[in-house]
Amino acid sequence: MPDEAVPSKRIVRSLPVVLAIVAVLACYAYFAGGGKFDFRRLGTAQESYYASLAEGFLNRSLCMWVPPDPRLVALPNPYDFKARAAVGYLWDASFFKGKYYLYSSPLPVLLVYLPHRLLRGAYPPDVLVAAIFSAWAFLAMVAFTRRALALSGNLLQIPFALWVLFIGLGNVVAFVLVTVHMYEVAVMCGMAMTAMWAFALLKFNESPAPGRAVWVSVWLALAIVARPNLVVLALVTAIVMVAAARKHRPSVKAILAFITPLVVVAAAMLWYNAARFGNPLEFGVRYQLTHVAMEGRKVCSLCTLPELARFGNNVMHYLFWPLHIRSAFPFLDAMPARLDPAVSWPTPQGMTEQIIGIAPVAPLMLLGTLLGILLVMGLHRGAIDAGTRAALQIMAGGWLILFGLSSCWWIVARYSLDFMMLMGVSAVICIEAGLTSLRAIGVRILPLRLIVGALACYSVLTGLLLGFDGPGEVFKRVNPATFQMISNWFR
């Protein structure tokens, strides 16, 4: 009888966590499916940029499988926005020698679009692919958090089920999932690869074996391929590997094993670029069909005083840009960024996209950063455990990503996904370790626990409400009946 009771107790204890995971995944599917869980397969590859690229791959071509308008091909300068006014073309595609390409990574094609096409006979909609990558990142981050907390050996100060909800919904994932194009697919693919890098880094901290170093290298390489700005994570990885090498003196074979995935993936990407554009370092941005000709444009830079001012403004947006609070459901709305046109993307009439700061959505990320700094400075007595150490490393990676993005001339809510989930999980670990350390030195932490729990609930609610908003209030437009029904509940 006692033996039978133990599994039952474990199931009961695990039930809140399981329900929290299911709730987050259901929310992803709901918002990505337009409030209807609708993920119909595409009728033709031309309905999606990535599906078109996948179709090109199937036809042994590196270009998108859609013929350009002959009038576009005939233009002396197809990159002149005014010259293209009366010509049909694919917005933001890269046009080179009469063919369309994507300046985004082909990784989503290889991971999802082609397998789906081969297994189901048609291509998935972009919203489904984005939901898959979001769920992938979320589950990897939950696994990271669970393992990191177990390595600390401390009793949880906040219920783990609440942390699961915070990791999944205390960010802008729901907001971004409501409307998905190639941009969101690329960002969420990078988010999934980064989550796997973080989990691999945790396992390496736990036991710095050569095989685990290889997995860190694999996921780091794929993250960089998905989102080249994530190359800043290589700095964090290099510091971790050098520190481990000083302690364990790896063999030449082990070092080569770690470097090989990076070299192979980098070589493949360089070959891909050279095969498309004749330049291994050209991703297609130069040939992008957008408002301005991209030849010679510096998208990201910190070389002049105006660019440094732009950097400060962008950091402020990513950290503190407020939400608009209103009386009608969903009560929250993201606000357009306010950028200096002299050093930012030259959009018509100064139009910008919406951006959401960390502090208004998830203030615990900033609290976790503060506690992480205090832990490094000596708040934690004794050696820092492997789980907390890994959390500090990915927290540093998240901040590097934020600063890197802030050096660029365009900011938007979806870019925040490059760092938000990393900051979220590392904040969880740092907060748990910080509260435990404060209790060890005699601080009464019950009020702090209540504050942290309340802020986590606030972030979850805010993330959900933003999902019922979406960029440009798109949820209301695509599902007016559901939106009106929910709105009536609050009248």
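Values in this text are rule-based calculations from the coordinates and carry no lab data. For clarity, every value in this text was computed on a predicted model and none was experimentally measured. So basically every Cβ, Gly included, is an ideal-geometry build from the backbone, and we count neighbours across all protein chains shown.
Could you calculate the contour length gain from residue 477 to residue 147, that is, 0.36 nm times the residue separation minus the distance between their Cα atoms, to one decimal place in nm?
On the way: separation 330, 0.36 × 330 = 118.80 nm, distance 4.12 nm.
Extending this stretch completely gives an extra 114.7 nm.
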Solitary cysteines of the chain, where the nearest other Cys Cβ is not under 4.7 Å: 27, 63, 189, 303, 430, 457
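What is the sum of charges, Lys and Arg at +1 and Asp and Glu at -1, for the other residues whose Cβ falls under 14 Å from the Cβ of residue 406? Before the final figure, lay out each step's value.
Details: positive: 310; negative: 307, 340, 418.
That works out to -2.
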Taking the Cα atoms only, what angle lies between the long axis of helix 233-248 and the longest principal axis of the chain, rounded to 10 degrees? 40 degrees
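Could you work out how much longer the chain between residue 91 and residue 231 gets when fully extended? Use 0.36 nm per residue separation minus the Cα distance between them, nm to one decimal. Don't skip to the answer; put the middle values down first.
Details: separation 140, 0.36 × 140 = 50.40 nm, distance 2.69 nm.
Length gained, residue 91 through residue 231: 47.7 nm.
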Given charges at beta-carbon only (K, R positive; D, E negative), |dipole| of region 48-120 in Debye: 120 debye
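Filter the trypsin sites (Lys or Arg not before Pro) in region 1-104 down to the DSSP loop ones having no more than 16 other Cβ atoms within 10 Å, then list what survives.
36, 40, 41, 60, 82, 97
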Using the alpha-carbon atoms, what tilt in degrees (0 to 90, nearest 10) does helix 386-406 show relative to the longest principal axis of the chain? 30 degrees
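Normalised by the number of residues in the chain, what is the relative contact order in percent for Cα pairs under 8 Å and 6+ residues apart?
21 percent
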In degrees from 0 to 90, rounded to the nearest 10, what is the angle of the helix 363-374 Cα long axis to the longest principal axis of the chain? 60 degrees
Backbone HN-Hα couplings from phi across region 301-307 [Karplus 6.51/-1.76/1.60, Hz, Gly and Pro as x]: 6, 9, 9, 10, 4, x, 5
Residue 65's amide H: which non-local residues (gap 5+, or another chain) put their own amide H closer than 5 Å, with H modeled 1.01 Å from N in plane and none for Pro or chain starts? 53, 55, 56
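Magnitude of the Cβ-charge dipole of the chain, K/R +1 and D/E -1, about the Cα centre, nearest 20 debye?
Details: 39 positive and 22 negative charges, 151 e Å.
With Lys and Arg at +1 and Asp and Glu at -1, about 720 debye.
Want the number for residue 292 to residue 486: 0.36 nm per residue separation, take away the alpha-carbon distance, what's left?
Length difference between fully extended and current span is 65.7 nm.
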Placing +1 on the Cβ of each Lys and Arg and -1 on the Cβ of each Asp and Glu in the chain, which of 336, 268, 171 has its Cα farthest towards the positive end of the resulting dipole? 268
Could you list, in their original order, any pairs among 298/476; 203/298; 36/99; 97/298; 203/253 whose Cα atoms are separated by more than 27 Å? 298/476; 203/298; 36/99
